[in-house]
Amino acid sequence: MLLRMSTLFLRTLREDPADAEVPSHRLLVRAGYVRRAAPGGYTWLPLGRLVLDRVTDVIRQEMLAIGDQEVLFPALLPREPYETSGRWTEYGDDIFTLKDRRGADHLLGPTHEEMFTLLVRDTFTSYRDFPVSLFQIQTKFRDEARPRGGLLRGREFLMKDAYSFDLDEAGLRAAYDRHRAAYQRIFDRLGLDYTIVSAVSGAMGGSVSEEFLAASPVGEDTFVGCTACDYAANTEAVTTPPPPARDAHSHPPAETHDTPETPTIESLVEVANARRLAGRDDWTAADTLKNVVVSVRRPGAAEPELLVVGVPGDREVDLKRLGAALSPATVTLYDWSGHTPGLVRGYIGPQVLAGLGIRYLVDPRVAPGTAWLTGANEPGRHATNVVCGRDFTPDGTVEAAEVRAGDPCPACPNGTLVMRRGIEIGHVFQLGRRYTDVFQVDVAGPDGRPVRPIMGCYGIGVSRVVAAIAEQHHDERGLVWPAAVAPCDVHLVAAGRGPQTEAASQLGAELAARGLRVLLDDRTHVSAGVKFADAELIGIPRVVVVGRRWADGYVELRDRATGDRVELTVSDLVERLGEPTREPALAR
RNA sequence: CGGGACGUGGCGCAGCUUGGUAGCGCACUUGACUGGGGGUCAAGGGGUCGUCGGUUCAAAUCCGGCCGUCCCGACCA
């Protein structure tokens with residue numbers, strides 16, 4: 001393949017586009033790979049299309065290698081299957097819907113669980129047909145509230161979605177492991193630095209789900225890692241090791257104190273120290289027990305339930321974590337505009353909750369036998385030595401407190417947690433029978449009795465992967481593609497006004513004949529400086545300059561990642577280009 | 001959905017306060033020079049100033065609605 005820049009549909013930009021904030025967006029637009037065409041929608045220009053195709057090829061190869069078979073569904077789908085699965089309404093505003101000329105409802109597919117399930121149900125009817133795994137690489141549509149970061153989160157994006165169908169749990173686990181391993185091969189080949197995190201907290205039980213997160217400061221997902229072991233998890237899935245239980249009766253009795261004007265933890269700690277409560281002047285927020293009132297609405301329930309959550313006062317309640325822990329119920333902060341009998345805002349203590357019939361869940365740090373400074377359920381009053389298991393008994397523990405860097409690792413004895421950010425590039429999920437139940441997929445088993453298949457689903461955001469690679473592989477001058485996804489293998493620059501352009505053109509043809517993908521900068525009336533700058537912006541791993549030493553029989557080979565330059569004869573160059581390139585260092 | 005900033009040739013920006021024939025840089029065209037790090041000179045082409053409405057003799061400029069973009073948060077995964 002030989003691409004000539006003199007005719008290539010490309011215009012690089014000297015300045016950053018004003019609407020681009022993140023590096024991948026900035027550079028992909030500046031270097032002429034993509035261009036915004038619509039809110040959350042991007043046009044792939046020739047160079048970008050090449051990169052996208054190479055990424056797609058890697059994904060397709062690895063999916064086929066594990067025996068998945070490729071299909072392609074329409075993006076325009078009828079309402080009924082999504083109505084049946086409940087997602088027509090559940091997905092809500094995030095789904096693009098439209099009516100046809102007869103007034104019938106349709107949607108633009110946000111993912112295709114329903115369609116795959118129906119396809120398998122209508123095609124395979126015997127246990128002998130299973131297991132089977134299908135995938136497609138297709139444009140998806142989601143009416144994102146806020147598209148951002150160019151390709152990172154669009155309203156239209158390319159996704160690989162795969163679905164496995166097995167007859168039993170063991171089969172599902174095998175399919176899951178197979179896809180997980182394929183994903184590792186894919187992202188390794190694509191040169192991505194990624195972490196696999198558990199996505200769902202164990203508190204839920206049930207389905208297993210892991211996310212592949214590409215490390216990046218612009219990532220939207222926060223996850224935690226361990227300093228000592230390879231533990232990694234979404235913040236929702238982090239568990240808190242409880243402190244050892246203590247004897248509840250080793251503490252002095254609870255005592256109530258006047259603490260006027262102390263509705264916040266900060267003001268309470270200040271007053272507690274000033275008044276030397278319980279003889280101490282070293283009170284900190286961590287000694288206090290903060291009680292937060294939330295409303296919990298269960299699906300189908302008419303009235304939300306009132307719930308009080310107790311966490312150490314130096315921590316906020318993380319509503320995302322609490323929500324995940326109580327899922328499928330939804331959680332909102334309690335709206336105090338409706339007065340609640342029995343609860344004194346700012347001075348809530350757990351001592352009275354049982355009597356009021358209000359459920360009380362605590363952070364695992366609020367272990368039996370721990371003593372706290374907490375509210376006394378009277379305005380301007382707090383109590384010391386309020387002991388868990390003696391003065392109050394929680395209805396259970398809940399992972400609701402925020403996770404912080406430095407917290408102990410739940411998986412090993414010595415590690416502490418660090419907060420990291422990542423771009424979600426892949427997701428593997430043991431779906432279970434949600435969809436086969438809904439669509440009543442039953443196949444004949446060996447004994448003639450119906451068997452209901454069990455599903456897994458596995459997604460990769462293909463266009464987002466391109467952005468993630470760009471995020472991890474660039475420097476201040478431009479993109480630095482890994483060889484596996486670069487639009488070309490060699491960027492051949494003709495520098496000089498002599499015979500170099502013709503010579504470079506012949507060399508380019510020769511390299512292309514040997515199977516290399518060549519981008520040839522054969523533009524005349526463009527200075528060498530401009531060509532070098534463009535080459536660095538475009539980011540092809542190896543740049544060959546046919547320039548002033550051509551007359552002596554030499555060309556220059558540059559390594560885009562390292563900046564190394566060597567002068568070589570053409571025959572040495574041809575030999576050298578046959579060798580694999582070193583992968584560029586990660587830009588972080 | 002809430003808060004903030006913004007919308008002027010393909011790209012980056014000025015002009016708006018104080019209303020009066022739309023400007024700069026990049027890119028593009030032509031010519032000359034230059035030719036290994038975004039070169040120089042000269043001459044050009046291209047914009048209903050996001051959109052709709054209002055005020056005014058007159059609106060890029062003042063006022064309002066809507067649309068869009070970016071950032072923060074919520075939501076989503």
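Could you list, in sequence order, the residues of segment A:255-297 that are over 25 Å from A:Asp363 (Cα atoms), open to solvent by 70 Å² or more (accessible area, probe 1.4 Å) and free of Cβ contacts under 8 Å to residues at least 60 places away in the same chain?
The answer is A:Ala274, A:Arg275, A:Arg276, A:Asp281.
State all residues of segment A:1-26 that are within 6 Å of RNA strand B (Cβ to nearest atom) and without any contact (Cβ under 8 Å) to a residue 40 or more places away in the chain; if no residue qualifies, say none.
Scanning segment A:1-26 gives A:Arg11, A:Leu13, A:Arg14, A:Glu15, A:Pro17, A:Ala18, A:Asp19.
Would you check which residues across segment A:243-254 are closer than 11 Å to A:Cys388 by Cβ and either open to solvent by 70 Å² or more (accessible area, probe 1.4 Å) or free of Cβ contacts under 8 Å to residues at least 24 places away in the same chain (or both) and list them?
A:Ala245, A:Arg246, listed by residue number.
Just wondering, is there one or more residues in segment A:467-480 that are free of Cβ contacts under 8 Å to residues at least 12 places away in the same chain and more than 22 Å from the chain's Cα centre (by Cα)?
yes
Which of the numbered conditions does A:Asp230 fail, given that it passes all the others? Conditions: (1) assigned to a helix (DSSP H, G or I); (2) closer than 30 Å to A:Ala182 by Cα; (3) without any contact (Cβ under 8 Å) to a residue 24 or more places away in the chain.
Status for A:Asp230: all satisfied but (1).
For A:Thr330, state whether it is among the polar types (S, T, N, Q) and over 28 Å from the mean Cα position of the chain (by Cα).
Against the criterion (among the polar types (S, T, N, Q) and over 28 Å from the mean Cα position of the chain (by Cα)), A:Thr330 does not qualify.
Can you say whether A:Gly154 is touching a residue at least 60 places away in the same chain (Cβ under 8 Å) and in contact with a helix residue (DSSP H, G or I) (Cβ under 6 Å, 6 or more places away or on another chain), as far as the supplied structure shows? Step through it out loud before you land on a result.
Values: touching a residue at least 60 places away in the same chain (Cβ under 8 Å): yes; in contact with a helix residue (DSSP H, G or I) (Cβ under 6 Å, 6 or more places away or on another chain): no.
Against the criterion (touching a residue at least 60 places away in the same chain (Cβ under 8 Å) and in contact with a helix residue (DSSP H, G or I) (Cβ under 6 Å, 6 or more places away or on another chain)), A:Gly154 does not qualify.
I need the full set of residues from segment A:524-555 which are surrounded by 17 or more Cβ atoms within 10 Å (Cβ to Cβ), more than 6 Å from RNA strand B (Cβ to nearest atom) and touching a residue at least 40 places away in the same chain (Cβ under 8 Å), in order please.
Hits for segment A:524-555 are A:Ala535, A:Ile538, A:Gly539, A:Ile540, A:Pro541, A:Arg542, A:Val543, A:Val544, A:Val546, A:Trp550, A:Val555.
Kindly check whether there is at least one residue in segment A:571-578 that is crowded, with 21+ Cβ neighbours inside 10 Å, away from RNA strand B (no atom under 13 Å from the Cβ) and either part of a loop (DSSP other than H, G, I, E, B) or at pLDDT below 95 (or both).
No, segment A:571-578 contains no residue that is crowded, with 21+ Cβ neighbours inside 10 Å, away from RNA strand B (no atom under 13 Å from the Cβ) and either part of a loop (DSSP other than H, G, I, E, B) or at pLDDT below 95 (or both).
I need every pair where a residue in segment A:430-441 that is over 11 Å from A:Glu113 (Cα atoms) and in contact (Cβ under 8 Å) with a residue 12 or more places away in the chain has its Cβ under 8 Å from the Cβ of a residue that is in a loop (DSSP other than H, G, I, E, B) and open to solvent by less than 10 Å² (accessible area, probe 1.4 Å), sequence separation at least 6 or different chains.
If the second residue must be in a loop (DSSP other than H, G, I, E, B) and open to solvent by less than 10 Å² (accessible area, probe 1.4 Å), the pairs left are A:Arg433/A:Pro453; A:Val441/A:Pro453.
Confirm whether A:Gly149 is at positive phi and either in contact (Cβ under 8 Å) with a residue 12 or more places away in the chain or away from RNA strand B (no atom under 15 Å from the Cβ) (or both).
Criteria met by A:Gly149.
Looking for whichever is within 16 Å of RNA strand B (Cβ to nearest atom) and either open to solvent by less than 50 Å² (accessible area, probe 1.4 Å) or charged (D, E, K, R) (or both) here; the options are A:Thr235, A:Thr240. Which one fits?
Exactly one residue qualifies, and that residue is A:Thr235.
Of the conditions (1) free of Cβ contacts under 8 Å to residues at least 24 places away in the same chain; (2) under 28 Å from A:Pro131 (Cα atoms), A:Tyr176 fails just one. Which one is it?
A:Tyr176 satisfies all of (1) free of Cβ contacts under 8 Å to residues at least 24 places away in the same chain; (2) under 28 Å from A:Pro131 (Cα atoms) except (1).
Looking at (1) more than 29 Å from A:Asp188 (Cβ to Cβ); (2) out of contact with any helix residue (DSSP H, G or I) (no Cβ under 7 Å at 6 or more places or on another chain); (3) not aromatic (Phe, Trp, Tyr), find the lone condition where A:Ala483 falls short.
Unmet for A:Ala483, out of (1) more than 29 Å from A:Asp188 (Cβ to Cβ); (2) out of contact with any helix residue (DSSP H, G or I) (no Cβ under 7 Å at 6 or more places or on another chain); (3) not aromatic (Phe, Trp, Tyr): (1).
Return the only residue of A:Gly369, A:Gly342 being of a type outside the set (A, V, I, L, M, F, W, C), in a loop (DSSP other than H, G, I, E, B) and open to solvent by 30 Å² or more (accessible area, probe 1.4 Å).
A:Gly342
Can you confirm whether segment A:398-416 contains a residue that is assigned to a strand (DSSP E or B), buried (at least 18 other Cβ atoms within 10 Å of the Cβ) and either aromatic (Phe, Trp, Tyr) or out of contact with any helix residue (DSSP H, G or I) (no Cβ under 8 Å at 6 or more places or on another chain) (or both)?
Scanning segment A:398-416 turns up no residue that is assigned to a strand (DSSP E or B), buried (at least 18 other Cβ atoms within 10 Å of the Cβ) and either aromatic (Phe, Trp, Tyr) or out of contact with any helix residue (DSSP H, G or I) (no Cβ under 8 Å at 6 or more places or on another chain) (or both).
Only one residue in A:Val466, A:Val480, A:Val485 is open to solvent by less than 20 Å² (accessible area, probe 1.4 Å) and within 15 Å of RNA strand B (Cβ to nearest atom). Which one?
Exactly one of A:Val466, A:Val480, A:Val485 is open to solvent by less than 20 Å² (accessible area, probe 1.4 Å) and within 15 Å of RNA strand B (Cβ to nearest atom), namely A:Val480.
Go through (1) more than 19 Å from A:Gln440 (Cβ to Cβ); (2) in a strand (DSSP E or B); (3) not small (Gly, Ala, Ser) and name the single condition A:Tyr163 misses.
If we test A:Tyr163 against (1) more than 19 Å from A:Gln440 (Cβ to Cβ); (2) in a strand (DSSP E or B); (3) not small (Gly, Ala, Ser), just (1) comes out false.
Quick one: in segment A:27-39, which of the residues that are in a helix (DSSP H, G or I) and more than 10 Å from RNA strand B (Cβ to nearest atom) is surrounded by the most Cβ atoms within 10 Å (Cβ to Cβ)? Spell out how you get there, then give the answer.
At the first step, the residues of segment A:27-39 found to be in a helix (DSSP H, G or I) are A:27-30.
Cutting the leftovers down to more than 10 Å from RNA strand B (Cβ to nearest atom) gives us A:27-28.
Details: A:Leu27: 25, A:Leu28: 27.
Among those that are in a helix (DSSP H, G or I) and more than 10 Å from RNA strand B (Cβ to nearest atom), it is A:Leu28.
The values are calculated or read from the model by the stated rules, or taken from the named source; none is laboratory data. Worth saying up front: this structure is predicted, and the values here are computed from it rather than measured. So basically every Cβ, Gly included, is an ideal-geometry build from the backbone, and we count neighbours across all protein chains shown. Note: accessible area is taken over every heavy atom of the protein model, side chains too, but ligands, DNA and RNA are not part of it. Shrake-Rupley method; radii C 1.70, N 1.55, O 1.52, S 1.80 Å.
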